[in-house]
Amino acid sequence: MTSRLSAIALNTFREAVRDRVLYNLIIFVFLLVASAPLFSQISIDVERLILVNVGLSAISLFGVIIAIFIGIGLVSKEIEKRTLYTILSRPVRRWEFIAGKYCGLMMTLLVNAALMTVGFMIAVMITSHGLKAQDMHLLVAVYFTVLEFMVVTALTLLFSSFSSPIFSAILSFSLFAIGTFSLDLRNFAASAHGITKMFALAAAYLVPNLASLNVIAQVAHDQPVGGALVLYNTLYTVLYSAAVTAGAVLIFERRNLK
Amino acid sequence: MHAIEIQDLSKDYAVGFWKKTLRPALKGLSLTVESGETFGFLGPNGAGKTTTLKLLMGIIFPTAGSATVLGKSVHDPEVKKRIGFLPEQPYFYDYLSAPELLSYYAQLSGVPPAGRKERINSLLERVGLGDVGNKQLRKFSKGMLQRVGIAQAIVHEPEVVFLDEPMSGLDPLGRHEIREMIQGLKDAGKTIFFSTHILSDAEALCDRVAVIHKGELRGVGVVNDLRAATGGTSEVIWQNAQVLTAVSSLVMEPHVSADTVRVTVSRENLDPLLEKLRQQSATLISVTPLHGTLEDYFLSKTSEPEKEGAAV
């Protein structure tokens, strides 16, 4: 089982690399370099603040875009091009295929985020003339971004398991956007009444809580991230992603592949 | 135990915007294939051949009926280790090279890492791709891709090989090469189930064939028997041209050369003709049964009307 799963994951990763997905790193570097003259115009504290905001937001945004644009084709492309026929005619269980695809895309996102983080930390080091102890919080923010990728990848895979790439992209981007404002949804649910409260509460807990994974503003202001939040976010992400991926498997197990 | 056993297999596809209309693609198909047999599954486009193969591969689920391969359910992973499949007009991961693709499929099929590379190299040699190196599949011709397709289907040395239209879209040379490869599999004792609408290929390779049309099985049997059943005419040659007038109502296409007569006669008129020739003291030279072609059989079966009540 492990061998089959890792083979599918590695092949997914290899496809992303050979399709030059990691070329986005070049754009990321350009973004950081291009914003350097802007930073030099302003005071040293604001310079770092902007760099952290731009750098971490870019890592998150680039990753989410890759997760969605690769994720929407993970299953549908294999069906459309009939490559799936030669996979499922082998001793590969359908859940192994889904899990392998998930791991492969996560591997791509991890490598991408790791390389971006290295570039980003170098930029921080140059701007701040070295690294400080509180800069470790920047890595926590990156960790949360990776957790965000896990959730978005699982959702995209779920949509990809039953709908067309365009529909999957629309659904994934919508849920990502709503999830980013999930705290507002929860606040609204708390203040609502009757049936509206019920619906708002259901929606608030169904959509991914991506707001709590975003600590960019916090770390940009050198505010620490508590261990409890790290634990909560980790557990939440693992459970939410597992539930969504299980949903994708359930749909895919029953699907007739035309 | 049959290598393949299909019982009352049916598949309906839901069509239309609301998916409320059912379109039957396969109607109660039953057939068996024996171990070591090369079995041709013939039918025009849209007959239900690919649907049958997808059902046998567990890619789609039947509406009714069942199928077993090597005595077990087609969904059993143990069975899938022992079968190989080449889909129709296959597309492979074009960013991979042929050795990478085969290595990937070998891993998925449970081929142990030890000796995997050697097996792949020897297989590539066998299918005539020993010199492709690390060229990506996107640079391969259709014929080369089909050879890769055959290679991926047998990389784990399966006992049963399923081929869906393996010669489709190939030029005569490509078709010949694939035919040779299938012949090689046959010689190696593999059970081969292949669908095709190219009858000459089936005629050349198959021990038995089945004809499917509009989702229904129209006939199944040994190729020679089917051809004989379709032909049913004989060529008769005798000496004594004067007798021809007496038997003219029984024969077709008479040709007279000096005193020798050559005619074609239907199965039912053969005995009366021979009787008359004896009575008229003609000298019988030869009686040769004329076999029909598989095409004759195919055309006769695909022109038969649908069975009543067969449609869902």
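The values are calculated or read from the model by the stated rules, or taken from the named source; none is laboratory data. Being a predicted model, the structure only gives us computed values, none of them experimental. FYI the Cβ positions are ideal-geometry reconstructions off the backbone, even for glycines, and counts take in every protein chain you see. Heads up: the accessible areas ignore ligands, DNA and RNA and are worked out on the full protein's heavy atoms, side chains in. Shrake-Rupley method; radii C 1.70, N 1.55, O 1.52, S 1.80 Å.
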Q) Is it the case that some residue within the stretch B:161-177 is open to solvent by less than 50 Å² (accessible area, probe 1.4 Å), assigned to a helix (DSSP H, G or I) and touching a helix residue (DSSP H, G or I) at 6+ places or on another chain (Cβ under 9 Å)? A) yes
Q. For the subset of the stretch A:66-92 comprising residues that are free of Cβ contacts under 8 Å to residues at least 12 places away in the same chain and open to solvent by 20 Å² or more (accessible area, probe 1.4 Å), which member is nearest to B:E88 (Cα to Cα)?
A. A:R82
Q: Among the residues of the stretch A:234-247, write down those that are open to solvent by 20 Å² or more (accessible area, probe 1.4 Å) and among the hydroxyl-bearing types (S, T, Y).
A: A:T234, A:Y236, A:Y240, A:T245
Q: Taking the options A:L250, A:L201, name whichever one is modelled with pLDDT of 95 or more and surrounded by fewer than 18 Cβ atoms within 10 Å (Cβ to Cβ).
A: A:L250
Q: Give me a count of the residues in the stretch B:1-29 that are within 16 Å of B:G58 (Cβ to Cβ) and in a loop (DSSP other than H, G, I, E, B).
A: 0
Q. Any idea which residue in the stretch B:231-267 is least open to solvent (accessible area, probe 1.4 Å), counting only those that are among the β-branched types (V, I, T) and under 19 Å from B:T293 (Cα atoms)?
A. B:V265
Q: Looking for whichever is open to solvent by 40 Å² or more (accessible area, probe 1.4 Å) and outside any helix (DSSP H, G or I) here; the options are B:E180, B:E157. Which one fits?
A: B:E157
Q) Can we say B:F85 is within 13 Å of chain A (Cβ to nearest Cβ), touching a Ser or Thr at 6+ places or on another chain (Cβ under 6 Å) and touching a residue at least 40 places away in the same chain (Cβ under 8 Å)? A) yes
**Q.** Verdict on B:D76 being at the interface with chain A (Cβ under 9 Å from one of its Cβ atoms) and open to solvent by 10 Å² or more (accessible area, probe 1.4 Å)
**A.** yes
(Q) Condition first: in a helix (DSSP H, G or I) and either assigned by TED's automatic domain parsing to the domain that holds B:V148 or among the β-branched types (V, I, T) (or both). Can you find one or more residues in the stretch B:83-92 that meet it? (A) no
Q: Select from the stretch A:128-148 the residues that are open to solvent by less than 20 Å² (accessible area, probe 1.4 Å) and over 13 Å from A:N214 (Cβ atoms) and write down the one among them that is farthest from the chain's Cα centre (by Cα).
A: A:D135
Q: Scan the stretch B:93-103 residue by residue and report those that are more than 7 Å from chain A (Cβ to nearest Cβ) and assigned to a loop (DSSP other than H, G, I, E, B).
A: B:D94, B:L96
Q) So which helices (runs of 4 or more DSSP H) are wholly in the stretch A:116-198 and hold at least 1 residues that are among the β-branched types (V, I, T) and under 30 Å from A:W95 (Cβ atoms)? A) A:136-160, A:165-180
**Q.** A:A192 being of a type in the set (A, V, I, L, M), at negative phi, open to solvent by less than 70 Å² (accessible area, probe 1.4 Å) and within 20 Å of the chain's Cα centre (by Cα)
**A.** no
